[in-house]
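Beneath this line is the structure, given in structure tokens, with notes to follow.
The values are calculated or read from the model by the stated rules, or taken from the named source; none is laboratory data. Keep in mind that what you see is a predicted model, and the values were worked out from it rather than measured. Here Cβ is always computed from backbone atoms with ideal geometry, including for glycine, and neighbour counts include all displayed protein chains.
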Amino acid sequence: MRKRILSLLLAIIMTISLGVVAFADEAIVASGNCGANDDKLTWTLTSNGTLTISGEGEMKDYADGEWEDRKSEIKKIVIESGVTEIGCSAFTDCTSLTDVVIPDSVTYIDNSAFLRCTNLSEISLPDSVIRLGSGVFEDCTNLKSVRLPQNLTSIPYRFFFGCSRLKSISLPDSVTQIGEAAFGFCDLQEQVVQEIVSSDNITHIDARAFIGNGNIHTVHIGKNVEYIQTETFNYKSYPSFDSCTNLTSITVSPENQTYTSINGLLCSKDGRSLLYVPVGLSGRLDVPAGIETIGREAMHYALSIKIVHVPKSVKEIGSDAFPIECTDVYYDGTEEQWNEISIGKNYNSDFPSGVTLHFTCEKHTYQNGVCTRCGAKDPNYKLTAPSVKTDYLISTGKPYIKWAAVAGASKYEVYRSGSKDGSYTLLGTTTATNYTDNKANAGYIYYYKVKAVNANSIKSDYSATVAATCHCARPVVKPDYLISTGKPYIKWTAVSGASKYYVYRSGSSNGTYEYVGTTTATNYTDKKANAGYTYYYKVKAVSKVSSGANSYYSVVIGATCHCARPSVKITTSNGSPRLTWNAVAGANKYEVYRATSKNGSYTKMFTTSNLSYTNTSAKAGTTYYYKVKAVSKVKSTANSAFSTVVSIRAR
């Protein structure tokens with residue numbers, strides 16, 4: 001009975017203790033009111049970092065002032081059912097926030113509600129939300145996943161601006177407008193941007209909607225898009241794709257009634273007005289024939305375009321239409337016809353300063369394939385085709401092609417095929433006179449040809465086709481030895497495309513290497529090595545496809561064959577600890593070490609050429625721990641590892 005009472009008391013004490021601990025973890029450290037218009041909303045912050053908003057009605061704007069001094073403590077926000085609006089800047093700069101719970105009673109989230117919540121990585125907005133303010137998630141630099149309300153009609157101003165880790169987003173079908181700078185400086189993948197702007201639901205792409213997105217190379221505009229900002233208003237509101245420095249092409253659905261695309265340029269549906277030139281284009285731009293109006297700032301932000309060719313069909317040019325860095329404009333007509341074109345002001349003049357204007361000439365003066373007066377291309381001009389040779393990189397095994405520089409060339413295009421007479425695709429462009437195919441797979445033969453290209457985009461014929469095999473990368477080998485036997489042990493990381501490895505050995509670094517073995521593993525133990533001697537090794541990766549794709553030899557590494565560690569037994573002789581061991585090949589003596597605890601400090605007690613040792617100085621009643629090292633008769637660096645520790649009590 002007494003034991004049962006004690007057990008019951010113990011259980012009660014434990015329950016009370018756990019309750020105290022739980023209460024301590026969730027103790028309220030601050031509280032207050034945060035309702036707007038006399039709405040009775042209260043807030044509490046617990047010691048575990050949970051901020052809870054309770055009551056019915058709207059939160060007041062700038063409610064974060066209520067918990068201003070404790071923002072860094074807030075890790076989780078729980079908004080309870082009954083709250084209808086999240087106020088402006090409610091949770092701005094809650095930099096420790098990682099978890100948010102929003103009930104389906106909330107219908108409006110105001111401006112900058114979660115501005116600079118830099119640890120927030122995901123959030124789900126309920127379908128009850130029908131209105132969103134601007135910049136709600138601006139500069140949430142760790143935000144990766146957002147679930148949007150299904151009845152949302154637009155992505156507001158700067159909604160995701162600066163969310164640099166937001167790579168993908170799924171928009172509800174109800175969204176028709178992308179607000180100004182909505183996805184500015186996000187890291188959205190090109191496919192995601194394509195899905196947004198090509199959607200049949202989107203009608204409006206506002207200023208700077210995708211500003212600064214470096215992943216976009218081409219965009220396809222959907223059939224229902226009615227508005228894309230293409231110029232600057234009051235030097236504040238920039239084009240929809242401003243600073244997308246890799247954007248080189250804009251295509252448009254044939255069903256679109258507002259826009260069309262000509263040669264990757266955004267034009268009016270009737271093809272008469274050039275509206276916007278992708279800012280990633282470079283070199284020379286040919287305004288399409290038939291264009292009558294070049295819109296305001298149409299080419300202005302394409303900073304890498306230096307030369308513009310204007311067709312005779314142009315009748316009007318908007319202000320600041322030419323690229324900022326433009327150096328030459330070539331016009332198909334005469335100077336008199338140029339003067340009839342209506343040209344808007346370019347800052348304080350009718351034409352950009354520093355630009356040379358060229359008119360049609362009766363007799364062309366060609367240089368490097370282009371007329372120096374009007375920019376017309378010489379139909380008979382061709383660069384010399386490169387003379388290409390093949391090799392491969394020893395370190396990676398990748399095909400490496402090279403050629404002599406071609407006079408007049410500014411870059412080279414490299415094409416590849418899987419068969420000599422197959423279809424060749426552009427692999428890459430380089431300004432160097434060599435190219436490494438880092439996309440090739442070990443064991444396979446690839447075929448290459450190269451074109452030379454000059455600054456005016458005039459290209460040579462293809463070079464003669466050359467073939468190159470992608471070899472296995474050469475192994476990176478590290479030396480070691482097996483503690484038990486002392487034998488050299490070499491290891492390496494697996495080589496892609498290899499099925500096995502050949503191992504070679506020599507007695508000197510620059511000596512003759514002999515094949516010693518094959519392994520499918522990524523290590524090799526040289527069981528034939530003799531203790532005391534250093535051996536040198538190199539390894540070759542063997543292709544699983546073709547022997548012609550085997551790797552080059554690895555860098556030579558040296559490994560010493562150590563003595564095997566002794567196998568020690570222990571007994572007592574007349575009460576004194578007695579150790580015995582078998583002879584170790586390559587050893588001429590043995591060192592005996594002792595300690596009074598297994599993991600203690602060991603002292604060398606004795607060196608002997610015998611195969612036993614009796615510790616006559618041991619004190620009766622004390623337990624001693626021993627380990628033995630075999631000493632190489634060749635060199636000390638080949639000594640064995642210590643034997644396994646043995647112990648006994650002296651009597």
Seminar exercise, completed: Those residues of the range 169-228 that are acidic (Asp, Glu) and crowded, with 21+ Cβ neighbours inside 10 Å come to a total of 1
Exercise. Do any strands (runs of 3 or more DSSP E) entirely within the range 1-83 hold 3 or more residues that are at pLDDT 75 or above and over 20 Å from Val129 (Cβ atoms), and if so, which?
Worked result: 28-33, 41-46
Seminar exercise, completed: Selection from the range 46-65 of residues crowded, with 19+ Cβ neighbours inside 10 Å, charged (D, E, K, R) and in contact with a strand residue (DSSP E or B) (Cβ under 9 Å, 6 or more places away or on another chain) yields Glu58, Lys60
Exercise. Just one of Asp437, Asp421 is surrounded by fewer than 18 Cβ atoms within 10 Å (Cβ to Cβ) and either more than 25 Å from the chain's Cα centre (by Cα) or not assigned by TED's automatic domain parsing to the domain that holds Ala498 (or both); which is it?
Worked result: Asp421
Exercise. Can we say Thr560 is surrounded by fewer than 19 Cβ atoms within 10 Å (Cβ to Cβ) and β-branched (Val, Ile, Thr)?
Worked result: no
Seminar exercise, completed: Expected single match for part of a loop (DSSP other than H, G, I, E, B) and among the small types (Gly, Ala, Ser) among Ser509, Ser499 is Ser509
For this session: Give the residue, chosen from Thr430, Thr469, Thr425, Thr465, that is closer than 14 Å to Thr396 by Cα, in contact with a strand residue (DSSP E or B) (Cβ under 8 Å, 6 or more places away or on another chain) and of a type outside the set (Phe, Trp, Tyr).
Result: Thr469
Problem set entry | Unmet requirement for Tyr447, which otherwise passes all of (1) part of a loop (DSSP other than H, G, I, E, B); (2) surrounded by 14 or more Cβ atoms within 10 Å (Cβ to Cβ); (3) free of Cβ contacts under 8 Å to residues at least 40 places away in the same chain | (1)
Exercise. Applying the selection to the range 629-647, what residues are farther than 15 Å from Gly600 by Cα and in a strand (DSSP E or B)?
Worked result: Lys629, Ala630, Val631, Ser632
Exercise. In the range 478-521, what residues are under 21 Å from Asn639 (Cβ atoms) and either over 40 Å from the mean Cα position of the chain (by Cα) or hydroxyl-bearing (Ser, Thr, Tyr) (or both)?
Worked result: Tyr481, Ile483, Ser484, Thr485, Gly486, Lys487, Tyr489, Gly507
Exercise. What are the pairs, 6+ residues apart or on separate chains, where a residue within the range 424-439 that is of a type outside the set (A, V, I, L, M) has its Cβ under 6 Å from a residue that is part of a loop (DSSP other than H, G, I, E, B)?
Worked result: Thr433/Ala405; Thr436/Lys398; Asp437/Lys398; Asn438/Lys398
Exercise. Which number in (1) within 38 Å of the chain's Cα centre (by Cα); (2) within 26 Å of Lys633 (Cα to Cα); (3) in contact (Cβ under 8 Å) with a residue 40 or more places away in the chain; (4) surrounded by 21 or more Cβ atoms within 10 Å (Cβ to Cβ) marks the one condition that Tyr524 misses?
Worked result: (3)
Problem set entry | All positions within the range 217-243 that are part of a loop (DSSP other than H, G, I, E, B), farther than 22 Å from Lys269 by Cβ and at pLDDT below 90 | Thr232, Asn234, Tyr235, Lys236, Tyr238, Asp242, Ser243
Seminar exercise, completed: Scanning the range 284-305 for residues that are part of a loop (DSSP other than H, G, I, E, B) and either hydrophobic (A, V, I, L, M, F, W, C) or surrounded by fewer than 19 Cβ atoms within 10 Å (Cβ to Cβ) (or both) gives Val287, Pro288, Ala289, Gly290, Ile291, Glu292, Arg296, Ala298, Met299, Ala302, Leu303
Seminar exercise, completed: Of the residues in the range 260-283, those that are over 35 Å from the mean Cα position of the chain (by Cα) and either assigned to a loop (DSSP other than H, G, I, E, B) or over 17 Å from Ala302 (Cα atoms) (or both) number 6
Exercise. Is the range 606-616 home to any residue that is of a type outside the set (S, T, N, Q), exposed (fewer than 13 other Cβ atoms within 10 Å of the Cβ) and outside the structural domain of Lys500 (by TED's automatic domain parsing)?
Worked result: no
Seminar exercise, completed: Here the residues within the range 617-641 that are of a type in the set (S, T, N, Q) and crowded, with 18+ Cβ neighbours inside 10 Å are Ser632, Asn639, Ser640
Exercise. Which numbered condition trips up Leu281, out of (1) free of Cβ contacts under 8 Å to residues at least 60 places away in the same chain; (2) surrounded by fewer than 16 Cβ atoms within 10 Å (Cβ to Cβ)?
Worked result: (2)
